[in-house]
Amino acid sequence: MTTIPFLYKTESLLMRVLPLPVMLGMLASLCAVFWWVPTERVQGPVQRIFYFHVPSAWCCFLAFGLASVTSAAYLWKHHRDWDNAARAAVETGMLFATAVLITGPIWARPIWGVWWTWDSRLTTMLVLWLIFAAYLLLRAFSGERDGGSSGARFAAVLAIVGTLDIPLIVFSTRLWRTVHPAVLKTSEGGSGLSDPRMVTTLILCTLTFMIMFAWLWALGARSLRLDDQVALLEERGDRLAMATGSNTSTGEATV
Amino acid sequence: MLTLLARDLRLQFRRGELLASSFVMGVLMLLAFNFSLDLSPDNVAALAPGILWVAVLFSAGLAAGHGFVGERENGCMDAIVASPLDRGSVYLAKFIVNLLLLLLFEAMLLPVFGLFFELSVLSVLAPLALVLLLGSIGLAAVGTLFALVTVGGGGRDLALPILLLPLEVPLLIASVKITRVVMAGGGFPWGDGWVRLLLGFDLLFVVAGWLAFEYVATD
């Protein structure tokens, strides 16, 4: 199967360009979070986790959004590259979603006094995590026996339907109850981030996380692509071995 | 489409084991809840709506996959997909069958539910039936869409409930909330946000299923 040049080139470019910026950005973010940014007056040092928590959340939304768009492209074009792009996006998104679910409780324990509460945003995040965990499970279960194509189609539908479901989940859980702080827009219309350095740190961390996401996504998509090629080569090798197998008599020549 | 609908209905009712197993499963869940939550007259009113819906949700989730099991065994699905019938209509036919089965299951479970927990189901029957209907439409829509997953076999039967439940979270919350209002004798809360949510969920998934079936059922 031919590759989609646009996807292939994007992956290659991201893989080549991003490692250094990600490394430097991460170093800068860590320095900013732990030394440069002032400690929040009310919450104390634990508030610093916010600079990783929020960018992770944004990245995971970006990832799941990308997954549903590429899934739609896959259903439309039936090209394996789109499926790989979607799968890589979900895998990367799950990483960030897990980071959100881990950093959240660490902050919540000293501030709210509990590790977890059934608040709108927390519940939505958890349900989102479960939907895309189901996506990965589906991929794992469907395997590659049928060329993975029916599994890929179901997964694509799940990614799209799951994304459509998000507004309903948000709406329902918000109607249910909410206590999560809305940091960026408080009810008085001002920002919860009092010091300009806090805003700068948040922007720096967000940029770092975004390019880290792009890099991880490219790596994931490329490794899936390589998996496909290995499978293709193995198949070709098998056929070759079968064609010439009458005199070699062993299956050693399969790779 | 009507032919397919009639055929599926006939098949399901002739065998009937799906309905029977769902019913037993539902009753078992009521039993399990009774013991695990230590129900008594003073907490039953608060907990009963949730119990009813969790029992319905899980029984429906487990049963959802089996609608297509017979199709897989005799390769019937291939024939249906190969027929000139529009796949959207196949989805609608399967959806209606699943919905009817689900409603029948609920009709069987409801008396047991009322009996076990000493709730006067009869006095609020009309609004309660409406909530069950609206909830079931959503459940049947999601279930039918992903039931085809199990046709592939393997560990996929396991994946189905895992896949369905997170998607059904808004439906569960809304249904339980409305049921609580209804069971308290408040009538059907038409203008409520929850009702709108439930209707939105139903509409979204029936349409999404109808559109997506085109892409899913191409084996």
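Every number here is computed from the coordinates shown, using simple stated rules; none is lab data. Quick caveat: nothing in here was measured; it's all calculated off a predicted structure. So basically every Cβ, Gly included, is an ideal-geometry build from the backbone, and we count neighbours across all protein chains shown.
Tabulated data
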{"quantity": "Between helix A:5-17 and chain A: long-axis angle, C-alpha atoms, 0 to 90°, nearest 10", "calculated": "60 degrees"}
{"quantity": "Share of alpha-carbon pairs per 5 Å distance bin for the stretch B:84-205, given as whole %", "calculated": "2, 10, 18, 20, 19, 14, 9, 5, 2, 1, 0"}
{"quantity": "Spin-label model distance (nm) - B:SER21 vs B:LEU104, 7 Å beyond Cα toward Cβ", "calculated": "1.5 nm"}
{"quantity": "Shielding by partners - mean other protein chain Cβ count within 10 Å, residues of A:165-173", "calculated": "6"}
{"quantity": "Residue exposure sequence - A:TYR135, B:TYR215, B:TYR91 - by fewest surrounding Cβ within 10 Å", "calculated": "B:TYR215, B:TYR91, A:TYR135"}
{"quantity": "GNM flexibility winner over chain A from A:ILE106, A:ILE169, A:ILE211 (Cα, springs under 10 Å)", "calculated": "A:ILE106"}
{"quantity": "Cα convex hull of chain A - mean projected area over all directions, nm²", "calculated": "17.2 nm²"}
{"quantity": "Per-residue Cβ neighbour rank within 10 angstrom, fewest leading, A:GLU40, A:GLU11", "calculated": "A:GLU40, A:GLU11"}
